[in-house]
Every structure is written in C-alpha cells, then in structure tokens.
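Here the structure is laid out as structure tokens; the discussion comes afterwards.
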Amino acid sequence: MSLCGGLGSSKEATAEVQELCNQVKAEVEDKHRQEEYPTFVAVAFKTQVVAGTNYFVKVQVGDEEYIHLCVYETLPHAGQKLSLSATQVGKSKGDEIVHFH
C-alpha cells in the first residue's frame, strides 16, 4: 500500500491495469505515432494516491520497445473516469518506472 502522495512499489501488471491501458490506447497512438502499436501489453505498474489514483505503467509496444504511461483515475464518487496524463517513449524492459508528468 502506498502512502497518500507517495509512489508505491513496482508490481506485476494485473488484468485491471491492462484494462486501464486498453482504454487509453487509441489516445496514446494518436499522440505518438498516428498508427497502431503492434503490441500493447501492460508489464508492470506503480500507483500514487492523490485525489484519485495515478497509475504509472510500463507497456510493451513492440518486440523490444516499451513506453511508460501515467493514467489518472478519479475517485469512485466522480465516476472513476480515466485520463492519460503523460507518456514517455523510448523505454526498455529494464527501465525503472518513476514519477513523471
């Protein structure tokens, strides 16, 4: 469990995290390449509890190509809406997930 405002430890991606990524995939593709990624598999993630939750996710988008996503999910009373906050491209499998915006 992460402290409010702190970034939690890295965990293996879950089906829930993959679903979050699936929901923002089209936006990520539009932002970076204007084409489809051949692969879009969440590998690992960290969370940050704020007025909702920031998910920092490592996503495999090619054989040896990874990107990091920051996806914000609002609190349940706000309808748990998702928004893509930021992305980092050119990542590798070994790159640590860190806080970014």
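Rule-based calculations on the coordinates, nothing more; no lab input. Predicted model only: the values in this text are computed from it and were never measured. Here the Cβ is made from the backbone with ideal geometry for all residues, glycine too, and neighbour counts use every protein chain on show.
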Subject >> Debye equation applied to the C-alpha atoms of region 47-101, log10 I(q)/I(0) at 0.22, 0.28 Å⁻¹ >> reply: -0.78, -1.05
**OP:** With runs of 4+ DSSP H residues as the only contributors, calculate the mean residue ellipticity of the chain at 222 nm using -39,500 (n - 2.57) per run, divided by the residue total and rounded to the nearest 500.
**Re:** -6000 deg cm²/dmol
Original post:
When the chain is fully extended, how far beyond the present Cα-Cα distance does Glu16 get from His32, taking 0.36 nm per residue of separation?
Top reply: 3.4 nm
Subject >> Calculated from backbone phi, Karplus (6.51, -1.76, 1.60) coupling profile of region 77-87 in Hz, x at Gly/Pro >> reply: 5, 9, x, 6, 7, 10, 8, 7, 8, 6, 9
Original post:
If you compute Rg and Dmax of the Cα atoms in Å for the structure shown, which of [x] 16.8, 60; [y] 23.1, 79; [z] 12.8, 39 do you land on?
Top reply: [z]
Original post:
For the chain, the longest stretch holding no GluC sites (Glu not before Pro) located in a DSSP loop with at most 14 other Cβ atoms within 10 Å is which?
Top reply: 1-34
Original post:
Counting pairs of alpha carbon atoms under 8 Å apart in space and at least six apart in sequence, what relative contact order in percent does the chain give?
Top reply: 24
Original post:
What is the order of Thr74, Thr14, fewest Cβ neighbours within 10 Å to most?
Top reply: Thr14, Thr74
Original post:
Using r as the Cβ-Cβ distance of Ser92 and Ala51, and R0 as 25 Å, what FRET efficiency do you calculate, to the nearest 0.05?
Top reply: 0.20
**OP:** Taking trypsin sites (Lys or Arg not before Pro) as candidate sites, keep only those in a DSSP loop with at most 12 other Cβ atoms within 10 Å, then name the longest stretch of the chain containing none of them.
**Re:** 34-80
